[in-house]
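Notes follow once the structure below has been shown.
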Amino acid sequence: MREDVTGVLSGLENVTVTQVENGAQALKEASSGDYALLISDVEMPVMNGIQLLRVLRSKFFSRTELPIIMLTQVGQPEHKAPAFADGANDYVTKPVEPLELLAR
C-alpha cells in the first residue's frame, strides 16, 4: 500500500515523499520534519495510526498545522468517527484509488 500511495504522489510536481515502516518512525519523522501532509495507515506495527494521530495532535500539531489523511480497509462511519474525533482531517479506503487520493 505504501508503494501505491508513493507512486501516486511522486507523480506530482514539487512533491517529495518520505516513507517510513511503522508508526514510531512516522512519529519521529513528522515531529522533526517540515511536512505539508501526513498520510497514515490505521494498521501499522509498533504504533498504530490512531495512536500516532493522538500523539501528533496532542503534542505537536493542531488540525490546521498538519493535515492528516488516514488509510483504512474499513469504510463504515462507526470506524471513521473516532479518528475524526482524534484529529484526522480525512479518510481514504484501501485499496487506494489514485483519483480519490489526489482529490482529497
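Annotations
- Considering (1) free of Cβ contacts under 8 Å to residues at least 60 places away in the same chain; (2) in a strand (DSSP E or B), the lone condition that LEU71 does not fulfil carries the number (1).
- The residue that is least open to solvent (accessible area, probe 1.4 Å), counting only those in the range 1-24 that are aliphatic (A, V, I, L, M) and outside any loop (DSSP other than H, G, I, E, B), is VAL5.
- Out of LEU66, LEU101, LEU27, LEU53, one residue alone is open to solvent by less than 70 Å² (accessible area, probe 1.4 Å) and either part of a loop (DSSP other than H, G, I, E, B) or at positive phi (or both). It is LEU66.
- Filter result for GLU65 (out of contact with any Cys (no Cβ under 8 Å at 6 or more places or on another chain) and without any contact (Cβ under 8 Å) to a residue 12 or more places away in the chain): yes
- Pairing residues of the range 19-31 that are in contact (Cβ under 8 Å) with a residue 12 or more places away in the chain with residues that are part of a loop (DSSP other than H, G, I, E, B) and polar (S, T, N, Q), at Cβ distances under 8 Å and at least 6 apart in sequence or on separate chains, gives GLY23/ASN48.
- Total residues in the range 74-91 satisfying the condition of being buried (at least 16 other Cβ atoms within 10 Å of the Cβ) and either small (Gly, Ala, Ser) or touching a residue at least 24 places away in the same chain (Cβ under 8 Å) (or both): the figure is 5.
- In the range 30-42, residue modelled with the lowest pLDDT [restricted to those that are within 11 Å of the chain's Cα centre (by Cα) and in a loop (DSSP other than H, G, I, E, B)]: VAL42
- On the stretch given as the range 28-79, residues that are among the hydroxyl-bearing types (Ser, Thr, Tyr) and under 24 Å from GLU97 (Cα atoms) total 3.
The values are calculated or read from the model by the stated rules, or taken from the named source; none is laboratory data. All values derive from a computational prediction rather than experimental measurement. Ideal geometry is used to build each Cβ from the backbone, glycine not excepted, and the neighbour counts take in all protein chains shown. For accessibility, only protein heavy atoms count, side chains too; no ligands or nucleic acids. Shrake-Rupley method; radii C 1.70, N 1.55, O 1.52, S 1.80 Å.
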